Amino acid sequence: MLDLIIRGATLPDGRQNIDIGIENTRIAAVEPNLQAEATATIDATGRLVTPPFVDAHIHLDSTLSLGQPRMNLSGTLLEGIEIWGELKPDLTIGAIYQRAKNLCLWSMARGTLGIRSHVDVCDDRLLAVQALLKLREEMKPYIDIQLVAFPQDGYLRYGNSEANLQRALDMGVDVIGGIPHFERTMDDGRLSVQALVRLAAERGLMVDMHCDESDDPLSRHIETLAAETARHGMGGRVTGSHLTSMHSMDNYYVSKLIPLIASSGVHAIANPLINITLQGRHDTYPKRRGMTRVKELMAAGITTAFGHDDVMDPWYTLGSHDMLEVASMGLHVGQLTGLEEIKSCFAAVTANPAKIMGLQNYGIAPGNHADLVVLQAPDAFDAIRLRAERLYVIRRGKILAQAAPRASQVHLPGGTATVDFTRTDLTAF
Ligand code: FE2
């Protein structure tokens, strides 16, 4: 006797009419016409059932702080950093914790059950570290949270960064971060990358660095990150986040750089909502898009994910932590409109970030965690197109969140049509 069976699922790999049997917290069977009884059944009726969404790049310490202490009038990255600096003296553990916890509720409702959050360590009190470590523990039954020690004001530029980062790691922060393009000089940026990857190798930790988040075509920190990753044998454990300068780099140079990234085993994370709004700000017309070369990175076999980065904070005023909105923006900005490319965009908010975070037992297969999302869409294409409703969000075999299917009634003289924006509407009237 199973605890739950989801019948008639379509899976992200295209398999249809699949039944998913769940026993306790694990997936027990994934097959057509599963011959078994269960205490509860969900009829997916051909809808897409996916492993949870994963956001491998967000800042939970600043999330939902919009307007504190003021709005970002220019809308730029640098004014965002200024505002965060103004808010820092007034931060409390309780306030950071509560805002981040509220965001986690949104995440659960959106089916986002894996989160890698950067946490600023350029506050000598490490209040955000304390708040988010507490949250990470409390959310364990619901969301896998990983924390990155992020020296927001520069690892070498801010005097206490090195000591604070070490303290944060000693307190239990999981991953080593960095921001080489924000150091005083290009050379300091290079030195910071070298120091941080060496530290990660010594401590046996992963690295996820804000890297080349500028429009400077000569910013070269991703090259150093890839070379240092190879030097220390850290392939598969290092990620370059943003990489927006790659958008503007010389094409000949990139033809050498992308194979270097691929061979070093460095992963990539683009943040489409943020890159399209923060980059190209010094341009008149034409304005660059600023997002890194996602299509080319993916074609080279580099594991590439899309992150949300910010939700209602000094850098981004919008958002509701919907990873399908992120995938949609990444698809548009990267012109990833081919059918296989659209599937890649779905993978960029599910399987790829799960791999980057090293999440264990993730995916729809017997033995894995029974963590699943039933979407109001027949496939990944429509899931992104419609930013589909999360009908059921299942964590460790139990329903964690649910929502009613979205539908509208259109009243015409001949009767009322129900519209849910799926392709079946087109033959309804
Ligand atoms: Fe970020």
What does DSSP give for the chain in terms of the percent of beta bridges that are antiparallel, rounded to the nearest 5?
45
Helix-only mean residue ellipticity at 222 nm for the chain, each DSSP H run of n ≥ 4 adding -39500 (n - 2.57), per residue, nearest 500:
-10000 deg cm²/dmol
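Can you list the trypsin sites (Lys or Arg not before Pro) in region 86-175 that are in a DSSP coil and have 13 or fewer other beta carbons within 10 angstrom?
Working: sites: R99, K101, R110, R116, R125, K134, R136, R157, R167; in loops: R110, R125, R157.
Qualifying residues, ordered by number: R125.
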Alpha carbon centre of region 71-113 versus region 1-47: separation in Å?
38
Cα-based Debye curve of region 53-357 sampled at q = 0.07, 0.08, 0.10, 0.11 Å⁻¹ gives log₁₀ I(q)/I(0) of -0.23, -0.30, -0.48, -0.59
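Give the value in nm², to one decimal: projected area of the alpha carbon convex hull of region 187-345, averaged over all directions.
Values: hull surface 39.4 nm².
Projected area, direction-averaged: 9.9 nm².
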Would you mind checking K134/K287; K140/K256; K256/K343; K134/K355; K140/K295; K101/K287 for any pair whose Cα atoms are more than 31 angstrom apart?
K134/K287; K140/K256; K140/K295; K101/K287
Euclidean distance of C-alpha centroids, region 378-403 and region 144-214, integer Å:
35
Which distance in nm do the two modelled labels at E137 and W106 give, with both placed 7 Å along the Cα-to-Cβ direction?
2.7
Under 11 Å from a point placed 7 Å out from the Cα of D13 along the Cα-to-Cβ direction: which residues of region 342-366 have their backbone N that close?
364-366
Residues in region 294-326, backbone N under 20 Å from the label point at L73 (7 Å along the Cα-to-beta-carbon vector): list them, ranges by number please.
313-318
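Taking only protein heavy atoms into account and a 1.4 Å probe, give the accessible area per residue of region 53-357 in Å².
Numbers: 10930 Å² over 305 residues.
Roughly 36 Å² per residue, with all protein chains present.
Expressed as a rounded percentage, what relative contact order does the chain have, with Cα pairs under 8 Å and six or more residues apart? Don't jump to the answer; show the numbers that get you there.
On the way: 963 pairs, mean separation 77.6, N = 429.
Here the relative contact order equals 18 percent.
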Nitroxide proxy distance, nm - points 7 Å out along Cα→Cβ at E31 and A262:
3.9
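In whole percent, and with a 1.4 Å probe on the protein chains, what portion of the accessible area of region 53-357 is carbon and sulfur? Numbers along the way, then the final one.
On the way: 6000 of 10930 Å².
Reported share for carbon and sulfur atoms: 55 percent.
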May I ask you to compute the full-extension gain from R406 to E341, defined as 0.36 nm times their residue separation minus their alpha-carbon distance, rounded to one decimal in nm?
20.7 nm
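The values are calculated or read from the model by the stated rules, or taken from the named source; none is laboratory data. Since the model is a prediction, treat every value here as computed from it, not as a measurement. Cβ atoms come from the backbone with ideal geometry, glycine included; neighbour counts cover every protein chain shown. Keep in mind that these areas ignore ligands, DNA and RNA; they rest on the heavy atoms of the full protein, side chains included. Shrake-Rupley method; radii C 1.70, N 1.55, O 1.52, S 1.80 Å.
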